[in-house]
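This report refers to the structure that appears directly beneath it.
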Amino acid sequence: MTGKDLDIGDLLGGILGGRGGTGSGGLLVGALLSTLGGKGGNPLGGLLEKLQDAGLGEQAGSWVGNGDNLSVTGDQLRQALGDDTLGSVAREAGVTPDQAAVDLAQALPPVVDRLTPEGRVPQAASLEELIRRQSL
């Protein structure tokens, strides 16, 4: 894992209220966004599009919009992300794919909510800059 990945995981852990240690939500979300970002484009937008395509648009939309965040299960995320992506994220975080799915299900709603305070996915800032601004 690179220093950049650790920084993102630490910053996301701050968004989660200090739950960002190894194998936890912040590190997993950082690994997921880094994995999706490696395919080009905005990793947060790519994640939301992937969830929309998998039938989780209502849940993902609630995280971006104002109001309550709808929950998602680990099984739903496993289906939406696919075994390859989930396996890569789990390996990077040092957990099993099952644990990664469960932890991501808990971490994604509050992280996406905090990263989209205006009810939309920001396009101008880099992911790292966006996380730092929301962590302050």
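The values are calculated or read from the model by the stated rules, or taken from the named source; none is laboratory data. Remember, predicted model here, so these are calculated numbers, not experimental data. FYI the Cβ positions are ideal-geometry reconstructions off the backbone, even for glycines, and counts take in every protein chain you see. Accessible surface areas use protein heavy atoms only, side chains included; no ligands, DNA or RNA. Shrake-Rupley method; radii C 1.70, N 1.55, O 1.52, S 1.80 Å.
What order do 120, 114 take when sorted by accessible area (1.4 Å probe), most exposed first? Walk me through the numbers on the way to the answer.
On the way: 120 130, 114 90 Å².
The ordering from most to least exposed comes out as 120, 114.
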DSSP loop GluC sites (Glu not before Pro) in segment 49-118 with at most 12 other Cβ atoms within 10 Å of their Cβ, which ones?
118
Which order do 91, 78 take by accessible area at a 1.4 Å probe, largest first?
91, 78
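Mean projection of the alpha-carbon convex hull of segment 43-113 over all orientations, in nm²?
Reported value for the Cα convex hull: 4.2 nm².
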Modelled FRET efficiency - R0 35 Å, residue 83 with residue 120, Cβ distances, 0.05 increments
0.70
Starting from the 7 Å offset along Cα-to-Cβ, what nm value, one decimal, do you get for the label separation of residue 58 and residue 75?
1.7
